[in-house]
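The values are calculated or read from the model by the stated rules, or taken from the named source; none is laboratory data. Treat the numbers as computed from the prediction; the structure is a model and nothing was measured. Counting neighbours? That spans all protein chains shown, and the Cβs are built from the backbone with ideal geometry, glycine included. These area figures cover heavy atoms from the full protein model, side chains too; ligands, DNA and RNA do not enter into them. Shrake-Rupley method; radii C 1.70, N 1.55, O 1.52, S 1.80 Å.
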Amino acid sequence: MGRRSKRPRRRGLLFLLALAALAGLYVRWGNTTLQTESFAPAFRDLPPGFDGCRFVVLGDLHSAFFGEKNETLLETVRAQRPEYIFLVGDLLDAFRDIPEGYARETAASLTAIAPTYYVTGNHEWAIGEVPELKKTLEDQGVTVLSNQFTALERNGDTIILAGIDDPNGYADQKSPEAVAEEVRGAYGDDAFWMLLAHRNDHFPEQYSLLGADLVISGHGHGGVIRLPFTDGLLSTDRTFFPTYTAGLYEKNGSTLFVTRGLGNTGPSFRLFNRPEVAVVILVRTNSAP
(Lines give C-alpha, C1' and ligand atoms only; values in the text may rest on other atoms or scores of the structure.)
Protein backbone atom coordinates (compact mmCIF):
# COMPACT_ATOMS: atom_id res chain seq x y z
CA MET A 1 0.00 0.00 0.00
CA GLY A 2 2.80 2.39 0.87
CA ARG A 3 4.45 1.99 -2.52
CA ARG A 4 1.22 2.58 -4.39
CA SER A 5 0.50 5.79 -2.43
CA LYS A 6 3.67 7.43 -3.78
CA ARG A 7 2.56 7.26 -7.40
CA PRO A 8 -0.21 9.89 -7.14
CA ARG A 9 2.24 12.19 -5.38
CA ARG A 10 4.75 11.77 -8.19
CA ARG A 11 2.09 12.40 -10.77
CA GLY A 12 1.02 15.50 -8.88
CA LEU A 13 4.60 16.73 -8.71
CA LEU A 14 5.12 16.12 -12.42
CA PHE A 15 1.88 17.95 -13.17
CA LEU A 16 3.01 20.96 -11.10
CA LEU A 17 6.42 20.98 -12.81
CA ALA A 18 4.77 20.84 -16.22
CA LEU A 19 2.40 23.64 -15.22
CA ALA A 20 5.30 25.76 -13.99
CA ALA A 21 7.20 25.16 -17.23
CA LEU A 22 4.17 26.15 -19.31
CA ALA A 23 3.68 29.27 -17.19
CA GLY A 24 7.33 30.20 -17.70
CA LEU A 25 7.02 29.72 -21.45
CA TYR A 26 3.87 31.83 -21.50
CA VAL A 27 5.56 34.66 -19.58
CA ARG A 28 8.54 34.54 -21.92
CA TRP A 29 6.26 34.57 -24.97
CA GLY A 30 4.28 37.45 -23.50
CA ASN A 31 7.43 39.52 -23.00
CA THR A 32 9.12 38.85 -26.32
CA THR A 33 6.32 38.62 -28.90
CA LEU A 34 5.18 41.90 -30.40
CA GLN A 35 1.55 42.99 -30.58
CA THR A 36 0.42 45.61 -33.08
CA GLU A 37 -2.60 47.68 -32.09
CA SER A 38 -4.30 50.56 -33.90
CA PHE A 39 -5.99 53.63 -32.44
CA ALA A 40 -7.98 56.34 -34.20
CA PRO A 41 -8.46 59.49 -32.10
CA ALA A 42 -10.97 61.86 -33.69
CA PHE A 43 -10.73 65.66 -33.71
CA ARG A 44 -13.15 68.24 -35.01
CA ASP A 45 -10.38 70.80 -35.55
CA LEU A 46 -7.86 68.53 -37.28
CA PRO A 47 -6.81 70.19 -40.56
CA PRO A 48 -8.29 68.26 -43.51
CA GLY A 49 -4.85 67.53 -44.93
CA PHE A 50 -4.02 65.41 -41.88
CA ASP A 51 -7.16 63.28 -41.96
CA GLY A 52 -5.85 59.71 -42.08
CA CYS A 53 -2.29 60.62 -41.11
CA ARG A 54 -0.67 57.47 -39.78
CA PHE A 55 2.20 57.22 -37.31
CA VAL A 56 3.83 54.61 -35.12
CA VAL A 57 4.47 55.26 -31.43
CA LEU A 58 7.30 53.36 -29.74
CA GLY A 59 8.02 53.74 -26.06
CA ASP A 60 10.04 52.21 -23.27
CA LEU A 61 12.34 49.96 -25.27
CA HIS A 62 14.68 49.81 -22.26
CA SER A 63 17.60 48.53 -24.37
CA ALA A 64 15.60 45.45 -25.44
CA PHE A 65 15.99 43.48 -28.65
CA PHE A 66 13.17 41.92 -30.65
CA GLY A 67 14.95 39.70 -33.12
CA GLU A 68 18.58 39.97 -34.18
CA LYS A 69 19.51 43.66 -34.03
CA ASN A 70 15.80 44.40 -33.54
CA GLU A 71 14.95 43.15 -37.01
CA THR A 72 11.58 41.76 -35.89
CA LEU A 73 10.66 45.13 -34.41
CA LEU A 74 11.82 46.97 -37.52
CA GLU A 75 9.91 44.63 -39.84
CA THR A 76 6.78 45.15 -37.75
CA VAL A 77 7.14 48.94 -37.84
CA ARG A 78 7.85 48.90 -41.57
CA ALA A 79 4.74 46.82 -42.23
CA GLN A 80 2.56 49.55 -40.69
CA ARG A 81 3.62 52.05 -43.39
CA PRO A 82 4.00 54.96 -40.96
CA GLU A 83 4.36 58.53 -42.16
CA TYR A 84 6.12 59.36 -38.89
CA ILE A 85 7.66 57.46 -36.00
CA PHE A 86 7.52 58.91 -32.48
CA LEU A 87 9.93 57.64 -29.82
CA VAL A 88 8.53 58.71 -26.46
CA GLY A 89 11.43 58.03 -24.12
CA ASP A 90 13.23 55.31 -22.17
CA LEU A 91 14.98 54.05 -25.27
CA LEU A 92 17.70 52.90 -22.85
CA ASP A 93 17.53 51.35 -19.39
CA ALA A 94 19.39 52.53 -16.32
CA PHE A 95 19.40 49.06 -14.73
CA ARG A 96 20.60 46.96 -17.64
CA ASP A 97 23.75 46.79 -19.70
CA ILE A 98 23.35 48.85 -22.85
CA PRO A 99 24.57 46.95 -25.93
CA GLU A 100 27.32 48.69 -27.87
CA GLY A 101 25.87 50.90 -30.58
CA TYR A 102 22.28 50.25 -29.50
CA ALA A 103 21.00 53.82 -29.79
CA ARG A 104 22.89 54.52 -33.01
CA GLU A 105 21.74 51.35 -34.78
CA THR A 106 18.14 51.67 -33.62
CA ALA A 107 17.97 55.29 -34.73
CA ALA A 108 19.52 54.60 -38.14
CA SER A 109 17.11 51.74 -38.79
CA LEU A 110 14.01 53.71 -37.79
CA THR A 111 14.86 56.83 -39.79
CA ALA A 112 15.30 54.59 -42.84
CA ILE A 113 11.60 53.75 -42.48
CA ALA A 114 10.07 57.19 -41.78
CA PRO A 115 10.91 60.58 -40.24
CA THR A 116 11.55 59.89 -36.57
CA TYR A 117 11.06 62.21 -33.57
CA TYR A 118 12.31 61.61 -30.03
CA VAL A 119 11.91 62.92 -26.50
CA THR A 120 13.80 61.77 -23.42
CA GLY A 121 12.44 59.58 -20.64
CA ASN A 122 13.45 59.34 -17.03
CA HIS A 123 15.92 56.49 -17.67
CA GLU A 124 18.05 58.47 -20.11
CA TRP A 125 18.59 61.13 -17.46
CA ALA A 126 19.28 58.50 -14.79
CA ILE A 127 22.01 57.05 -17.01
CA GLY A 128 23.52 60.45 -17.78
CA GLU A 129 25.33 61.67 -20.91
CA VAL A 130 22.05 62.87 -22.41
CA PRO A 131 23.70 65.49 -24.67
CA GLU A 132 25.87 62.75 -26.18
CA LEU A 133 22.82 60.53 -26.71
CA LYS A 134 20.90 63.32 -28.39
CA LYS A 135 23.81 63.97 -30.75
CA THR A 136 24.04 60.27 -31.60
CA LEU A 137 20.35 60.21 -32.50
CA GLU A 138 20.55 63.45 -34.47
CA ASP A 139 23.56 62.14 -36.42
CA GLN A 140 21.34 59.28 -37.59
CA GLY A 141 18.60 61.64 -38.74
CA VAL A 142 16.32 61.63 -35.69
CA THR A 143 14.69 64.95 -34.79
CA VAL A 144 15.22 65.41 -31.05
CA LEU A 145 12.62 67.71 -29.50
CA SER A 146 14.10 69.20 -26.33
CA ASN A 147 11.40 71.60 -25.16
CA GLN A 148 10.99 72.59 -28.78
CA PHE A 149 8.45 72.38 -31.58
CA THR A 150 8.37 71.98 -35.33
CA ALA A 151 5.81 72.13 -38.12
CA LEU A 152 4.57 69.04 -39.97
CA GLU A 153 3.07 69.48 -43.42
CA ARG A 154 0.70 67.17 -45.28
CA ASN A 155 -1.59 67.78 -48.25
CA GLY A 156 -1.15 71.53 -47.99
CA ASP A 157 -1.98 71.75 -44.27
CA THR A 158 0.21 72.25 -41.20
CA ILE A 159 0.09 70.97 -37.64
CA ILE A 160 2.61 71.49 -34.87
CA LEU A 161 4.60 68.79 -33.11
CA ALA A 162 6.19 69.76 -29.78
CA GLY A 163 8.31 67.68 -27.46
CA ILE A 164 9.49 68.16 -23.90
CA ASP A 165 12.37 66.68 -21.97
CA ASP A 166 11.52 64.45 -19.05
CA PRO A 167 11.19 66.14 -15.63
CA ASN A 168 14.33 64.21 -14.61
CA GLY A 169 16.21 66.62 -16.88
CA TYR A 170 18.03 69.81 -16.00
CA ALA A 171 16.54 71.75 -13.10
CA ASP A 172 16.51 74.99 -15.10
CA GLN A 173 15.01 73.55 -18.27
CA LYS A 174 12.14 75.30 -20.02
CA SER A 175 8.80 74.33 -18.50
CA PRO A 176 6.03 72.60 -20.48
CA GLU A 177 3.90 75.70 -19.90
CA ALA A 178 6.57 77.88 -21.51
CA VAL A 179 6.73 75.55 -24.53
CA ALA A 180 2.94 75.72 -24.89
CA GLU A 181 3.05 79.51 -24.72
CA GLU A 182 5.70 79.58 -27.45
CA VAL A 183 3.55 77.37 -29.68
CA ARG A 184 0.59 79.72 -29.24
CA GLY A 185 2.79 82.75 -29.85
CA ALA A 186 4.17 81.32 -33.07
CA TYR A 187 1.01 79.76 -34.54
CA GLY A 188 -1.94 81.24 -32.68
CA ASP A 189 -4.48 79.82 -30.29
CA ASP A 190 -6.34 77.86 -32.99
CA ALA A 191 -3.38 75.85 -34.26
CA PHE A 192 -3.70 72.07 -33.99
CA TRP A 193 -0.74 70.71 -32.08
CA MET A 194 0.56 67.48 -30.61
CA LEU A 195 2.91 67.05 -27.67
CA LEU A 196 5.42 64.24 -27.14
CA ALA A 197 5.89 63.87 -23.37
CA HIS A 198 7.21 60.69 -21.76
CA ARG A 199 5.28 60.75 -18.46
CA ASN A 200 1.73 59.48 -18.75
CA ASP A 201 0.98 60.30 -15.10
CA HIS A 202 1.61 64.02 -15.62
CA PHE A 203 -1.32 64.28 -18.02
CA PRO A 204 -4.33 64.74 -15.70
CA GLU A 205 -2.93 67.56 -13.56
CA GLN A 206 -0.46 69.26 -15.92
CA TYR A 207 -0.16 68.22 -19.56
CA SER A 208 -3.93 68.20 -20.16
CA LEU A 209 -3.96 71.92 -19.26
CA LEU A 210 -1.38 72.98 -21.84
CA GLY A 211 -3.83 73.26 -24.73
CA ALA A 212 -2.37 70.46 -26.87
CA ASP A 213 -4.96 68.63 -28.93
CA LEU A 214 -3.12 65.32 -28.53
CA VAL A 215 -0.50 64.33 -25.95
CA ILE A 216 1.52 61.20 -26.74
CA SER A 217 3.22 59.39 -23.86
CA GLY A 218 4.70 56.15 -22.58
CA HIS A 219 6.17 55.40 -19.14
CA GLY A 220 3.15 53.51 -17.78
CA HIS A 221 4.11 50.09 -19.23
CA GLY A 222 0.41 49.34 -19.52
CA GLY A 223 0.14 48.92 -15.79
CA VAL A 224 2.77 46.11 -15.97
CA ILE A 225 0.20 43.36 -15.21
CA ARG A 226 -3.09 43.83 -17.03
CA LEU A 227 -6.13 42.28 -15.39
CA PRO A 228 -9.76 42.36 -16.54
CA PHE A 229 -11.68 45.53 -15.66
CA THR A 230 -8.50 47.40 -14.65
CA ASP A 231 -6.11 49.82 -16.31
CA GLY A 232 -3.22 47.73 -15.05
CA LEU A 233 -2.24 46.43 -11.66
CA LEU A 234 0.96 48.32 -10.94
CA SER A 235 2.37 51.69 -11.90
CA THR A 236 6.04 52.16 -12.71
CA ASP A 237 6.45 53.84 -9.32
CA ARG A 238 4.88 50.76 -7.65
CA THR A 239 1.44 52.08 -6.75
CA PHE A 240 -1.54 49.82 -7.29
CA PHE A 241 -4.31 50.21 -9.87
CA PRO A 242 -2.93 53.18 -11.81
CA THR A 243 -4.79 54.83 -14.66
CA TYR A 244 -3.76 56.56 -17.90
CA THR A 245 -1.58 53.53 -18.67
CA ALA A 246 -2.69 52.37 -22.14
CA GLY A 247 -4.73 53.70 -25.03
CA LEU A 248 -6.81 56.86 -25.34
CA TYR A 249 -8.08 59.22 -22.62
CA GLU A 250 -9.59 62.70 -22.50
CA LYS A 251 -9.44 65.45 -19.91
CA ASN A 252 -9.69 69.24 -19.94
CA GLY A 253 -10.35 69.26 -23.68
CA SER A 254 -7.12 67.39 -24.44
CA THR A 255 -6.69 63.82 -25.67
CA LEU A 256 -3.95 61.53 -24.36
CA PHE A 257 -2.54 58.49 -26.10
CA VAL A 258 -0.35 56.17 -24.01
CA THR A 259 1.55 53.27 -25.52
CA ARG A 260 2.02 50.20 -23.34
CA GLY A 261 5.60 50.20 -24.54
CA LEU A 262 8.01 47.46 -25.48
CA GLY A 263 10.59 46.58 -22.85
CA ASN A 264 10.98 46.17 -19.12
CA THR A 265 13.23 47.87 -16.65
CA GLY A 266 15.76 45.82 -14.71
CA PRO A 267 14.53 42.31 -13.75
CA SER A 268 10.80 43.09 -14.07
CA PHE A 269 8.40 41.39 -16.50
CA ARG A 270 4.96 41.94 -18.03
CA LEU A 271 1.92 39.73 -17.63
CA PHE A 272 -1.08 39.71 -20.01
CA ASN A 273 0.57 42.80 -21.48
CA ARG A 274 2.57 42.03 -24.62
CA PRO A 275 5.10 44.52 -26.03
CA GLU A 276 3.21 46.99 -28.19
CA VAL A 277 3.86 48.59 -31.55
CA ALA A 278 1.15 51.25 -31.54
CA VAL A 279 -0.31 52.69 -34.73
CA VAL A 280 -2.20 55.97 -34.38
CA ILE A 281 -4.37 57.24 -37.23
CA LEU A 282 -5.64 60.80 -36.97
CA VAL A 283 -9.30 61.26 -37.89
CA ARG A 284 -11.16 64.47 -38.71
CA THR A 285 -14.64 63.99 -37.31
CA ASN A 286 -16.47 65.92 -40.03
CA SER A 287 -14.60 64.15 -42.84
CA ALA A 288 -17.24 61.47 -43.24
CA PRO A 289 -19.92 62.13 -45.92
_Compute for the chain: radius of gyration divided by Kirkwood radius, i.e. Rg/Rh, restricted to C-alpha atoms, rounded to two decimals._
1.06
*More than 19 angstrom apart: percent of Cα pairs within the range 63-137*: 32
_Size of charge dipole - the chain - debye, nearest 20, with Cβ of Lys, Arg +1 and Asp, Glu -1, no other charges_ = 2660
*asked:* Could you report the chain's accessible area per residue, 1.4 Å probe, as an integer in Å²?
replied: 49
_Please list, ordered by chain and number, the residues whose modelled amide H lies under 5 Å from the amide H of residue 67; skip anything fewer than 5 residues away on the same chain._
72
*Cα-derived Rg to Rh of the range 16-124, Kirkwood definition*: 1.06
*asked:* Just to check I understand the Karplus step: with θ = phi - 60° and J = 6.51 cos²θ - 1.76 cosθ + 1.60, what whole-Hz values come out for the range 191-202, glycine and proline as x?
replied: 5, 7, 9, 10, 10, 8, 8, 4, 7, 5, 6, 8
*asked:* For a 27 Å ceiling on Cα separation, which of these pairs sit above it: 69/251; 69/174; 134/174?
replied: 69/251; 69/174
*asked:* Give me the base-10 log of I(q)/I(0) for the range 97-141 at each q in 0.13, 0.23 Å⁻¹, Debye formula, one uniform scatterer per Cα, rounded to two decimals.
replied: -0.27, -0.84
*asked:* If each DSSP helix of 4+ residues adds -39,500 (n - 2.57) and the sum is divided by the residues in the chain, what number results at 222 nm, nearest 500 deg cm²/dmol?
replied: -8500 deg cm²/dmol
*Could you work out the local net charge near residue 52, counting Lys and Arg as +1, Asp and Glu as -1, over the other residues with Cβ closer than 11 Å to its Cβ?*
+1
*Collect residues whose amide H, placed 1.01 Å from N in the peptide plane, falls under 5 Å from the amide H of residue 216; neighbours closer than 5 in sequence don't count.*
195, 196, 197, 257
*For residue 105 and residue 15, what is the calculated FRET efficiency with R₀ set at 30 Å and r taken between the beta-carbons, to the nearest 0.05?*
0.10
_C-alpha long axis of helix 102-111 to longest principal axis of the chain, angle in °_ = 60
_At q = 0.28 Å⁻¹, base-10 log of I(q)/I(0) for the range 144-205 (Debye sum, equal scatterers on each alpha carbon)_ = -1.28
*0 to 90° range, to nearest 10: angle between helix 2-32 axis and the chain longest Cα axis*: 10
*When the Debye formula is applied to the Cα atoms of the range 42-83, each taken as the same point scatterer, what base-10 log of I(q)/I(0) results at q = 0.18, 0.22, 0.27 Å⁻¹?*
-0.65, -0.78, -0.97
*When only alpha-carbon atoms count, how far does the range 77-189 stretch along each of its three principal axes, as whole angstroms with the largest first?*
45, 39, 20
*Excluding residue 88 itself, calculate the net charge of residues whose Cβ lies under 13 Å from the Cβ of residue 88, where each Lys or Arg counts +1 and each Asp or Glu counts -1.*
-4
*Listed residue (202, 27, 252) projecting farthest to the positive dipole end of the chain, Cβ model*: 27
*Can you pull the Rg over Rh of the range 141-289, Cα-only, Kirkwood?*
0.99
_Quick one: 3J(HN,Hα) in Hz for the range 150-166, Karplus 6.51/-1.76/1.60 with θ = phi - 60°, rounded, Gly and Pro as x._
8, 9, 10, 10, 7, 6, x, 10, 10, 10, 10, 10, 10, x, 10, 5, 4
*Scan the range 183-274 for chymotrypsin sites (Phe, Trp or Tyr not before Pro) in coil per DSSP, keeping those whose Cβ has at most 13 other Cβ atoms within 10 Å, and list them by number.*
229, 269
